1. Of the residues that make up segment C:43-54, is at least one under 16 Å from residue C:341 (Cβ atoms) and assigned by TED's automatic domain parsing to the domain that holds residue C:138?
2. Does segment C:224-235 contain any residue that is more than 9 Å from chain A (Cβ to nearest Cβ), touching a helix residue (DSSP H, G or I) at 6+ places or on another chain (Cβ under 8 Å), without any contact (Cβ under 8 Å) to a residue 60 or more places away in the chain and outside any strand (DSSP E or B)?
3. So in segment A:243-290, with the set limited to residues that are aromatic (Phe, Trp, Tyr) and more than 24 Å from residue A:28 (Cα to Cα), which one is surrounded by the fewest Cβ atoms within 10 Å (Cβ to Cβ)?
4. Collect the residues in segment C:30-70 that are within 14 Å of chain A (Cβ to nearest Cβ) and not aliphatic (A, V, I, L, M), keeping them in residue-number order.
5. Could you check residue C:124 against (1) within 20 Å of the chain's Cα centre (by Cα); (2) without any contact (Cβ under 8 Å) to a residue 40 or more places away in the chain; (3) more than 13 Å from chain B (Cβ to nearest Cβ) and say which number it fails?
6. As an exercise: evaluate residue C:350 against (1) in a helix (DSSP H, G or I); (2) within 28 Å of residue C:285 (Cα to Cα) and give the number of the one condition it does not meet.
7. Answer yes or no as to whether residue C:143 is touching a residue at least 40 places away in the same chain (Cβ under 8 Å) and either acidic (Asp, Glu) or not assigned by TED's automatic domain parsing to the domain that holds residue C:201 (or both).
8. Only one of C:316, C:331, C:275, C:323 is outside the structural domain of residue C:64 (by TED's automatic domain parsing) and either out of contact with any His (no Cβ under 8 Å at 6 or more places or on another chain) or more than 30 Å from residue C:215 (Cβ to Cβ) (or both); which?
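The values are calculated or read from the model by the stated rules, or taken from the named source; none is laboratory data. Keep in mind that this is a model prediction, so the values were computed, not measured. Every residue, glycine among them, receives a Cβ derived from its backbone with ideal geometry; neighbour counts consider all protein chains shown.
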Amino acid sequence: MNASFDILLQTLLSGVLIGLIYALVAVGLTMIFGVMDIVNFAHGEFLMLGMYASFWGFALWALDPMFTLPFTALMLFGLGSAIYHVVIRRIIRAPMLSQIFTTFGLLILFRGLAQFLWKPDFRTIDHSIVQGKVAFAGLQFGLPQLVAAAGAIVVTGIVWWFLQRTRLGAALEATAADKDAAALMGIDVQRMFALAWGIGAACAGVAGALLSTFFPIFPEVGANFILIAFVTVALGGFGSVAGAFWAGIIVGIVEVLGGFLLGPQYKLALVLALYLIVVLLRPQGLLGRA
Amino acid sequence: MRDEHAWAKRIVLVALLVLVLALPYLVGNASQLNYAILVLMIAQAGVAWNILGGYAGQVSLGHAAFYGIGAYTSTQLLLVFGLSPWLGMLAGGGVAVLFALAIGWPCFRLKGHYFAMATIAIAEILQIVVTNWDWLGGAVGLSLPVAETGWRGLVFNKSKVPYYYLILGLLLLTLGVSWLIERSFLGYYFRAIKDEPDAARSVGIDLTRYKLVAITASSFLTALGGTFYAQKELFIDPGSTMATSLSIKIALVAILGGVGSLGGPVAGAVILTAIEETTRAMFGGTGRGTDLIIYALLIILVAVFYPSGVAGWWRDLEHRLLLFKRRDRASGKRKTS
Amino acid sequence: MKRLWKLFALGAALSLAIVRPALAQEEIRIGVIYPLTGAAASTGLELKQAIELAADLINNGTRGLNLPLTTTGGLPNLKGAKIKLIFGDHQGNPQTGATEAERLISQEKVVALVCCYFSNVTNTASQVAERNGIPFVNPESSSATLTQRGFKWFFRTTPHDDLFVTNFFEFLKDVEKKKNISVKRIALFNENTLFGTETTKIEERLAGEQKYPIVEKILYPAKSTQLTSEIQRIKAASPDLIMQSSYLGDAILSMKTYKELGVSPDALLANDAGFNDSEFLKTTGKDAEYVLSREVWALDLATRNPLIKQVNDIYFERYKTNFNGNSARTFTGLMTLAEAINRAGSTKPEAIQKALVETDIPGSKLIMPWKGIKFDASGQNTLGNGIIVQVQDGKYVTVWPFDLASKDIIWPMPKWDQRK
């Protein structure tokens, strides 16, 4: 192996690692979309709240983000379903534009609240149990990134298992496929919607918790991820969990490799261009329902 | 009865026009006039957006691209060739139309969220390209000369009144085009494309062709607003003229006011700007994000309780008032309509 | 439907109905616009604290300070009139900055503006001031182009990027001589908004003139989710020196990535901004050791200028944090403006502008390591200069110019795996 191949390989794998995080964020987003056709602009804010939950657990009680992760997930689950009940339930039949408008309002609201409650300061968690780096075969990776990627795979796997193998998951899938038919079959559609919001928010929250060991935490942090999450969801196909997963990895690789080979200033442009090409050739995305 | 109604409408309209025309002489200071100009600017963009996003139902979240193209084209023509911004404005519109047709042709195959996402992606790509394009000033942006030129060069320092009438003229032009479209066969076709695309296709309407007509008008008018922005602020950079946040704001005023109605975006612009500027002036100085929280709560409330915007609320109100009147008149017969 | 016009009129009337009460006589109203919400809010709030402290020192007086105007309470030449700051929030948006400037000038009737931190916002807001004939003091924007516009009402107290980058290369020459080394491979690593883009251009030009080879040049998109590919490229180029311009979030992320990928040049020379933010040291901790950064202010300069410590002590007591380069410059901005207003003996904009033009404050009356404040025809302070600080034992210490240095520079910095 020569040096440049090493670097290329390392870059590629770094792309996969960050891509898995994108995948987890996108899985949550696509979940909400798949079940009720709503694009959640405030999704990055769920990620931000997940990061803050980890941070406060760490700052106040010295609890490691890895330890508080299940609680973060639960809290975000609760928040997601609460938002459904308080706000989203009322706009479920509204035109797409009002829905965009509403979730955009939520985005600003959460950012404002985060600044109000926790100040706009940047924060980091610097003594997590996952820190340092791992080296093998001449490649180096940050342990936090590896753990985050592994966590993302596990959580995505759990969501996948839940949808495929449990009765509740099947009910959710049925609701996604046809609301009215699901209602006729005795499925409580409202509950399914709340469940989708809960899971969607929890996925983003977990992604936030996993990121919190190596990414700065501040009220606007969601903005860094939201556009990429949209592209990932659309690339994988709105509503497709498997699609979001693979698309996340692809986006991560394209971003990192493109940045390395062509110039970092165009890395986001490359990802966006990839999305456009795919969606023009296959308007329903990679694995979306036609 | 109907005539009486139409007359009332006409009187209100004329009174409003007079009020709007006289506004610069009614406001207390330049700052208030500046707010009025901001309202008209975003209203103009919202009305232009409405042609594509409202009437034809193609939800674009990338209109800042057209706005930015308008601003950059006229500015660069002015800086490099000394071209008058009047011509630059038309050129900007022309470039925006070419760009719109180039992206519209492939993207109109996409539906709903896919189309919206594609427009975000395209506008973002354009912003990235301009940010890294030295000839266009890159991230540093372009500054226009500040010297007063009057109506020839559209730079006014002594007073903001000319800016007000200029943007008012642009808004009236944009409203006029919208009105013509709404009244013509195009209006019917657009609504058919929006509500019943399959039926429209089956009766032989070439969907893509009419969507392209809509985006042509919409992008041209949006670009005119972009040129105005450059002439007013005298400084443009990709972040302020091409950002997705601007695209969303343009769509927001239309949604807030009522999508697909002629005056809706104007009402939306008044309300959104009033909320935004008032909350910022009252709470922005505290630095705690209070202004954002209030702003966000207000737009969520509007979206949740009036999903069809102010226009929908107005229609409801009008409807209820009419019912009330009728019931009043028909009180003896106890007839419900 | 056309009745919507009615609403339009109503809304317009409402939004214009915010009428201000009459002004009190003894107030000098000064408008201050900073990013108080949005991505840069944490910096904006710091600047707000600094300028509030400056106003407080002037208004209430503090004995024993060698600062202008802090002995009497209020401005003596205006019968002890007090300064009233009126804040605006530009959210990092140039148009919002212009709108707020317009509001402060014509609605709040401010007699001068202090603004805006971001260079692009300074650009639009200062145009509003220029068009209205209101003095505009800019304490912290460093884009060189701002003073190339021929404005008459624009005064910048801070040095600009051209000077800062020139300092970089003077510093390199000095270090090479002192340590008997030579820097052969420079990598430029800058963010691609206005700040990083302008810096890159100046760095390229000066490196070319002074024959320093640039082995890698990277402009990365600000607010990235990861900087792995960028830093991989830097690693591949194996530079002796990385010159970096980043805001806070990216600065933190890049430090973590350097460590993760084991990138160890001889030195990392940062261009202020994120690397000097109060949060930077707090969040990166030990990993920030040995980072060099261009600065305009450092606490250890107090050994030469006791004023620095005195004012910083007051600041620390009040806000539980030290001054930094940004807040110290903002503080100085208001001090400069107040000194001019006092000399003018009037709150008429023309009189203030005239006084600003004639400003000549000696370095001994500033909390900055500058020779003083004196504006040239373009409104640029000609007596400012930069310093280079290095993070040593968790503190920023001045290492250059050598005659101001309180500690010796550590160069090369130890590799990551050789650190404790």
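1. Yes, segment C:43-54 has at least one match.
2. yes
3. My answer is A:266.
4. C:34, C:35, C:37, C:38, C:42, C:43, C:44, C:46, C:48, C:49
5. The number of the failed condition is (3).
6. It is condition (2) that residue C:350 fails.
7. yes
8. Only one candidate qualifies: C:275.
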